[in-house]
Amino acid sequence: MVIVPILHVKNLTKIFGDGCPLCPHSTGPEYETNVCKHCGSVVACSDVSFELYPGEILGIVGESGSGKSTVVNLLHFDWEVTSGEMFVQNTKMNGSININEKNLFALSSYQKRQIRNSFMGIVYQNPYLGLRMDVSSGGNIAERLIMANWRSIAMMRDRASELLEKTEIPVKRMDEPPRNFSGGMQQRVQIAKALSNNPLILLLDEVTTGLDVSVQARVLDLIRNLQREINLSIIVVSHDLGVIRLLTKRTIVMKYGRIVEIGLTDQILEDPQHPYTQILVSSQL
Ligand SMILES: Nc1ncnc2c1ncn2[C@@H]1O[C@H](COP(=O)(O)OP(=O)(O)OP(=O)(O)O)[C@@H](O)[C@H]1O
Ligand SMILES: [Mg+2]
Ligand SMILES: [Zn+2]
């Protein structure tokens, strides 16, 4: 049986700055920089290609500045790509908009918004990007439901409390703004919000970074259960190999905006091929 990927990303590239023809040839792991010495642009990611399979949790790991958040933000259409393509293969998606075999980055911004609102969920590394801190937690979730065309206030309240319960936020705190919450709670409100529209693809950027160990364990449990219960396809970005080991079967290793290694997580951790991955693994043993 051939398993068709839900997402196929090809040659994703993002350059901050004007860019020049020499950018790709003067940045990357061989040059140990992501700044082009000819034009000064930052090559945040370059030539990143991978597939995400239905129900899979795929990891992206790499040092600070290697381009992990860039990739996730590009997939969520938060930033314009410099170049690259993204294709989805899913009957539910194709049902509402005809996007079969279309490069999603080339769609209109209206269509991109539709895809994002109906099929994607994201948890940003920085909760201030993902939440309005002064709006109630329930209101944060409702905002997203409204974008996915929900209208009944009572139904939105029900959905919000169901999600807050799932993410272990006391439902009685639903009318409080995330500003009042701890970092771990803010991440869980972001998860609740990201799940509200029943996404097919969930993007998690450093979702447990900065949380204390017990909260981290509960958030990781929650993610594993979600994947099991609703067969979500998830991309997990982390610089913590422990998180990657616990959650993922397959992992991408990035450095200076490039993929240096991609494969089964167990193999990458047991027998890293790329010198950078070897250092990364041995430094976190
Ligand atoms: N808006 C921007 N303008 C210019 N450069 C940017 C911008 N956003 C990101 N970059 C640069 O792109 C590169 C990749 O950043 P990115 O945030 O994707 O890294 P990361 O792997 O997520 O790092 P971290 O682990 O610290 O979160 C960095 O060199 C960063 O400085
Ligand atoms: Mg990041
Ligand atoms: Zn350049």
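The values are calculated or read from the model by the stated rules, or taken from the named source; none is laboratory data. Computed from a predicted model, the values in this text were never measured in an experiment. FYI the Cβ positions are ideal-geometry reconstructions off the backbone, even for glycines, and counts take in every protein chain you see. With ligands, DNA and RNA removed, areas are computed over all heavy atoms of the protein, side chains included. Shrake-Rupley method; radii C 1.70, N 1.55, O 1.52, S 1.80 Å.
Some notes on this structure:
- Failed criterion for GLN125 (all others in (1) closer than 24 Å to ASN90 by Cβ; (2) in contact with a strand residue (DSSP E or B) (Cβ under 8 Å, 6 or more places away or on another chain) hold): (1)
- Among helices (runs of 4 or more DSSP H) entirely within segment 57-130, having at least 3 residues that are at pLDDT below 90 and farther than 22 Å from GLN190 by Cβ singles out 91-96.
- Test: LEU129 is within 30 Å of ASP240 (Cβ to Cβ), open to solvent by less than 20 Å² (accessible area, probe 1.4 Å) and either within 16 Å of ligand 1 (Cβ to nearest atom) or touching an Asp or Glu at 6+ places or on another chain (Cβ under 7 Å) (or both): no
- The set of residues in segment 233-252 that are out of contact with any Asp or Glu (no Cβ under 7 Å at 6 or more places or on another chain), crowded, with 22+ Cβ neighbours inside 10 Å and among the hydrophobic types (A, V, I, L, M, F, W, C) comprises ILE234, ILE235, VAL236, VAL243, ILE244, LEU247, ILE252.
Each row is one residue, and each column tells you yes or no for (1) touching a Ser or Thr at 6+ places or on another chain (Cβ under 6 Å); (2) more than 13 Å from ligand 3 (Cβ to nearest atom); (3) open to solvent by 80 Å² or more (accessible area, probe 1.4 Å).
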| site | (1), (2), (3) |
| --- | --- |
| ILE3 | no, yes, yes |
| LEU7 | no, yes, no |
| LYS10 | yes, yes, no |
| ILE15 | yes, no, no |
| PRO21 | no, no, yes |
| ASN34 | yes, no, no |
| LYS37 | yes, no, yes |
| GLY40 | no, no, no |
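Residues are listed down the side, and each one gets a yes or a no for (1) more than 8 Å from ligand 1 (Cβ to nearest atom); (2) in contact with a helix residue (DSSP H, G or I) (Cβ under 6 Å, 6 or more places away or on another chain); (3) under 22 Å from LYS249 (Cα atoms):
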{"residue": "ASP18", "(1), (2), (3)": "yes, no, no"}
{"residue": "LEU22", "(1), (2), (3)": "yes, no, no"}
{"residue": "GLU30", "(1), (2), (3)": "yes, no, no"}
{"residue": "CYS45", "(1), (2), (3)": "no, yes, no"}
{"residue": "PHE50", "(1), (2), (3)": "yes, no, yes"}
{"residue": "PRO54", "(1), (2), (3)": "yes, no, yes"}
{"residue": "LEU58", "(1), (2), (3)": "yes, no, yes"}
{"residue": "GLY62", "(1), (2), (3)": "no, yes, yes"}
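- Scanning segment 163-175 for residues that are surrounded by fewer than 16 Cβ atoms within 10 Å (Cβ to Cβ) and more than 25 Å from the chain's Cα centre (by Cα) yields PRO170, VAL171, LYS172, ASP175.
- Filtering segment 247-263 to residues that are in a strand (DSSP E or B), touching a residue at least 60 places away in the same chain (Cβ under 8 Å) and away from ligand 1 (no atom under 15 Å from the Cβ) leaves ARG250, ILE262.
- Here is the figure for segment 46-55: residues that are modelled with pLDDT under 95 and surrounded by 19 or more Cβ atoms within 10 Å (Cβ to Cβ) total 0.
- Complete set of residues in segment 207-224 that are outside any helix (DSSP H, G or I) and open to solvent by less than 10 Å² (accessible area, probe 1.4 Å): VAL207, THR208
- Taking the criterion of being out of contact with any Phe, Trp or Tyr (no Cβ under 8 Å at 6 or more places or on another chain), more than 16 Å from ligand 2 (Cβ to nearest atom), touching a residue at least 12 places away in the same chain (Cβ under 8 Å) and of a type outside the set (Val, Ile, Thr), the residues of segment 217-246 that qualify are ARG218, LEU220, LEU222, ARG224, LEU226, GLN227, ASN231, LEU232, GLY242, ARG245, LEU246.
- Applying the set (1) in the same structural domain as HIS8 (by TED's automatic domain parsing); (2) of a type in the set (A, V, I, L, M); (3) open to solvent by 70 Å² or more (accessible area, probe 1.4 Å) to VAL81 leaves exactly one unmet item: (3).
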